[in-house]
Amino acid sequence: MSLQLKKVDVLIVGTGLAAVTTALHLPKALNVLLVAKESVHMTNSDLAQGGIASSYLEETSEAHGRDTYAASKGTSEKKRVSLLVEEGRRAIVEMERFGVQFDREEETYHLGKEGAHGLPRIYHAGGDETGRYVMQALRRALPGNVTVLEHVLVDDLIVHQGRVVGANAFLHEERFRILAGAVVLATGGIGALVDWTSNCPAVTGDGLILAHRVGARLTHLQRIQFHPTLLAVEEPQLVTEALRGAGALLVDRYGQHVMRHHPLGSLAPRDDVSHTLTNHGGPVYLDTRHVERLTERFPRLAKTCDRCGIDVARIPVRPGLHFHMGGVEVDEFGRTAVDGLYAVGEVADTGVHGANRLASNSLLECWVFGKRVAESMQVQQTDAHAFESVAYDLDRLGFQTLRKQIGKWLTISPDKDELKLFLKNTQSLPLTKHVTRQLCEQTLQLDAARLLARALLEMENDDEHDITARTTHAIPN
Ligand SMILES: Cc1cc2nc3c(=O)[nH]c(=O)nc-3n(C[C@H](O)[C@H](O)[C@H](O)COP(=O)(O)OP(=O)(O)OC[C@H]3O[C@@H](n4cnc5c(N)ncnc54)[C@H](O)[C@@H]3O)c2cc1C
């Protein structure tokens, strides 16, 4: 097939859990294309550590729903939460049918417990390598009607008569167009817009701006989660919350428990812990002396500490950008406001997380809503349509300077002056029709950052500690 034009039934932008779940559940008669900006495995799904929350072994899903709602401080949507936890009860057996093997201890599952969960209900695989194990099994299960292409950057969606009918893309540096009967955005979150993040480099908010440009609504963009425990080394990475679930405590340099004021201690909801650690000032450590069989249960962490010369008994940590609760507004079937366009996974705002996501509910959301998107999908074949993209005419150096500015305000305590300066510096950049992959990639990132900056500036309540008071608004087109 010529690379200038590719025609498929369904284009799924992404190769993480949201994308793969959707592809696994689409009818086998459809010709499905999954694309990844970098390598197939460079996704946040592959990095997931703690596991997948599910009330599978509980009598009902009510307690899981209550914990989800409480962690969001009453800002998640109750109906959507019920749907997540009720349908999520089946996720574990359903994934097992596709070949996923969750960790077991003797006769039953070995369950983890994480922040703000009242019970141990986290199913994990390969100890703290859940993402890698789950994704490996599920990708292996993809049927023959699904093609996966890597190093494909989707930089614009094509709309015809109000319906999304395809996308402009680059395979490496080569331009091509994909026509599709339906398009699913499964592009993940926003973490790699900054350096201090737990996220993989492929996740830079592209889906937000792709959706916004064609008229989809975006909601709650200001809802950004900072994970309390990133390893405090030059190249930060996540230290799973499951470690605190297994008994690790957050302590200061004198060994004092820094979360002692909170009834849930070191297992308080993420936003509470992140704010406490940010305001603490001095260095904070995870004291793991009471964690049993650490190297066996957290092999990935043990290896990383070893490589960085860190004593696993006392691990230096600090908060960093982790997860985006806001995103493309969708209904309970992942439909956006634009015909032919769906969004699923972290890029979508399904309402289940509210202003603060409960740990390990994200993989569950990918599974539950990925299935729903697949089951409700309407595919409408189209003829060739062209659309010419434009991009900011900006050299690498100019882009890096602006990117550094993003890191100054996309923090747990956004600085309004830095926000305004970034918006001013990016408001009238020169445009070019001679697009290259690099220019399109830079443009997507700057435009996504501009959307986030505007959302943060528009927050009515200035107190970033009071997330429950944040406004809920849609970003107009
Ligand atoms: C270190 C870490 C640990 C985590 N641990 C857990 C956990 O234990 N449990 C849990 O529930 N959640 C966890 N999370 C969160 C969870 O992993 C993510 O929210 C979830 O995996 C998102 O899945 P996704 O399919 O939406 O996106 P991702 O898995 O991030 O995939 C995004 C995909 O989109 C592609 N893409 C992006 N833009 C473009 C573009 N323009 N063109 C083409 N392709 C594009 C990327 O190449 C990639 O393939 C963790 C996150 C991190 C970072």
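The values are calculated or read from the model by the stated rules, or taken from the named source; none is laboratory data. What you see is a predicted model, and the numbers here were worked out from it, not measured in a lab. Quick reminder, even Gly has a Cβ in these numbers, built from the backbone with ideal geometry, and neighbours come from all protein chains shown.
The single residue among G112, G50, G99, G16 that is touching a helix residue (DSSP H, G or I) at 6+ places or on another chain (Cβ under 7 Å) and more than 14 Å from the ligand (Cβ to nearest atom) turns out to be G99. Taking segment 227-265 on its own, how many of its residues are closer than 23 Å to W196 by Cβ and touching a residue at least 24 places away in the same chain (Cβ under 8 Å)? Residues in segment 227-265 being closer than 23 Å to W196 by Cβ and touching a residue at least 24 places away in the same chain (Cβ under 8 Å): 22 in total. When the residues of segment 405-426 are filtered to those that are outside any helix (DSSP H, G or I) and out of contact with any strand residue (DSSP E or B) (no Cβ under 7 Å at 6 or more places or on another chain), the one that is nearest to L138 (Cα to Cα) is T411. I want to confirm something. Restricting to segment 188-199 and keeping residues that are modelled with pLDDT of 95 or more and out of contact with any Ser or Thr (no Cβ under 6 Å at 6 or more places or on another chain), which single residue is farthest from the ligand (Cβ to nearest atom)? This residue is V194. Note on segment 26-39: residues that are under 27 Å from Q378 (Cβ atoms) and within 14 Å of the ligand (Cβ to nearest atom) amount to 5. Residue pairs whose Cβ atoms lie under 7 Å apart, sitting 6 or more positions apart in sequence or on different chains, and linking a residue in segment 110-128 that is over 19 Å from T68 (Cβ atoms) to a partner that is of a type in the set (V, I, T), are A125/V100; A125/V134; D128/T240. Screening Q380 against (1) in a helix (DSSP H, G or I); (2) assigned by TED's automatic domain parsing to the domain that holds A19 leaves a single unmet condition, (1).
When L119 is tested against (1) buried (at least 18 other Cβ atoms within 10 Å of the Cβ); (2) part of a loop (DSSP other than H, G, I, E, B), just one condition goes unmet, and that condition is (1). Filtering segment 388-404 for residues that are at pLDDT below 95, assigned to a loop (DSSP other than H, G, I, E, B) and surrounded by 13 or more Cβ atoms within 10 Å (Cβ to Cβ) leaves a non-empty set.
Here's the yes/no breakdown for (1) at pLDDT 95 or above; (2) within 16 Å of the ligand (Cβ to nearest atom); (3) crowded, with 24+ Cβ neighbours inside 10 Å; (4) not aromatic (F, W, Y):
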position	(1), (2), (3), (4)
K303	no, yes, no, yes
R307	no, no, no, yes
R318	no, yes, no, yes
M325	yes, yes, yes, yes
V328	yes, yes, yes, yes
D331	yes, no, no, yes
G334	yes, yes, yes, yes
Y342	yes, yes, yes, no
G345	yes, yes, yes, yes
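Among the residues of segment 282-297, none qualifies, meaning not one is buried (at least 18 other Cβ atoms within 10 Å of the Cβ), within 16 Å of the ligand (Cβ to nearest atom), of a type in the set (K, R) and within 22 Å of the chain's Cα centre (by Cα).
The sole residue among A232, A248 that is more than 12 Å from the ligand (Cβ to nearest atom), in contact with a strand residue (DSSP E or B) (Cβ under 7 Å, 6 or more places away or on another chain), at pLDDT below 95 and closer than 30 Å to P120 by Cβ is A232. Scanning segment 414-421 finds no residues that are surrounded by fewer than 19 Cβ atoms within 10 Å (Cβ to Cβ), under 30 Å from L171 (Cβ atoms) and at pLDDT 95 or above.
Does G320 satisfy being out of contact with any Cys (no Cβ under 8 Å at 6 or more places or on another chain) and closer than 30 Å to A167 by Cα? No; evaluated as a whole, the condition is false for this residue.
The set of residues in segment 216-225 being crowded, with 21+ Cβ neighbours inside 10 Å and away from the ligand (no atom under 12 Å from the Cβ) consists of A216, L218, H220, L221, Q222, R223, I224. Report yes if some residue within segment 349-359 is of a type in the set (S, T, Y), within 12 Å of the ligand (Cβ to nearest atom) and in contact (Cβ under 8 Å) with a residue 60 or more places away in the chain; otherwise report no. The answer is yes; a qualifying residue exists.
Counting residues in segment 85-94 that are touching a helix residue (DSSP H, G or I) at 6+ places or on another chain (Cβ under 6 Å), crowded, with 17+ Cβ neighbours inside 10 Å, on the phi > 0 side of the Ramachandran plot and not charged (D, E, K, R) gives zero. On the basis of being within 14 Å of the ligand (Cβ to nearest atom), in contact with a His (Cβ under 7 Å, 6 or more places away or on another chain), touching a residue at least 12 places away in the same chain (Cβ under 8 Å) and in a helix (DSSP H, G or I), does D67 make the cut? It is true that D67 is within 14 Å of the ligand (Cβ to nearest atom), in contact with a His (Cβ under 7 Å, 6 or more places away or on another chain), touching a residue at least 12 places away in the same chain (Cβ under 8 Å) and in a helix (DSSP H, G or I). Name every residue in segment 45-63 that is touching an Asp or Glu at 6+ places or on another chain (Cβ under 7 Å) and modelled with pLDDT of 95 or more, in order of residue number. S61 - this is the single residue of segment 45-63 that is touching an Asp or Glu at 6+ places or on another chain (Cβ under 7 Å) and modelled with pLDDT of 95 or more.
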